[in-house]
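Before any comments, here is the structure.
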Amino acid sequence: MDHDASVVWVHQLINQNSHSWNYERLQQNFHEEEIKCISAIPVGLFRQKDQLIWHYDKRGKYTVKSGYYIVREIQKSQHSLSLSVASPSSNSRLEELWKHIWKIKLPSKLSIFLWMMLMDKLPTNDTLHKRLPHFDPCCPFCGEMETSKHLFFSCPHAVAIWINSPLRLRSVFLHSVDVKDCWTELLIPLRNHEDHQQLIQLLVFILWHVWKSRNEKIFRNVIISPQDIIAATLKHFEDFSLANDSISKQSELNHSTLALTPPPVNVIKLNFDAAVDRNRRRGAIAVVARNLEGKPLDWCCKVYESIVDPLVLESLACRDAVTLALNRGFCAVRVEGDSLMVIQAILSQSAPLDIKGSSSISSF
């Protein structure tokens, strides 16, 4: 590959007339897989000045805290790499475990939580006690030593949660001591179930809420009953499942029903929404403009190839709604959508890095 040494800024890779990526230049400077990732980034309608960003922060801002965190992660990775050289089989097992975790459809923070739990990296009391000998290693619920196995499966608090959950799990009978082996024990009966994907998801949600209830007890001295924890877990799981219905559809995009609440007199209402088809690696947006009587005045819909980030698609839908209003000359409009992050980005004039340039919503 002959790199074009003159390309040093992002705007040099963009066709400013068509507001699209210059694929000839992309092919001169990047590999095919990199081009696919770059192509999935929508180009904004307005040219913005290139700037240096700290991509480890969602708003692109460097902080000492984030810098320290990255250094620590690099040190941990180097340490793990040195250990893997001595024990390649162990490293292979961790790699398989990592792949398995990221195949489970979960919110990102739950995936990270699950990984930390299985790697025994959560700040349980026994772990903190090893680092800080004066720290009390006991469980806040029962007074036993708070290991990961105890916290999530053996403590009477956890046992009551599992047995009353939809999984009806008798966690006290798990034979393994290592929490990774406990995880494997739990998966064996679930894998043969026809709804195994949903059951594994629910399993992780329960683990997450056990952890949250433990933190509530430690930091706020609030004891949440097992019944309330199960109710909160099921609500959390239901909300997540509903939000991802469009992703689970294999053959068609699942467009949400747009709200029909009428706008004020002489105001045009524009509803926008987006959907994702991960199997085909594409997303779609839809916009409908209505008057006071609910009569459609105009509409638009688009398919965006390679874009599967719901937040990016929602921001593009919002942008297209405003563009439609401008093109039609609507003077008084109300734009409505169901993405809280997009709405907050518009109101605060400070968009997350994922949508800051692509949607240009702050420019309207």
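No value in this document is a laboratory result; all are computed from the given coordinates. Worth saying up front: this structure is predicted, and the values here are computed from it rather than measured.
Here are a few things to note about the model shown:
- The Kirkwood radius of segment 106-243, taken over pairs of alpha-carbon atoms, gives through the Stokes-Einstein law at 10 °C and 1.306 mPa s a diffusion coefficient of 103 µm² s⁻¹.
- Amide H partners (placed H, <5 Å) of residue 106, local residues excluded: none
- Gyration tensor (alpha-carbon) shape descriptor, segment 147-196, a/c threshold 1.5: oblate
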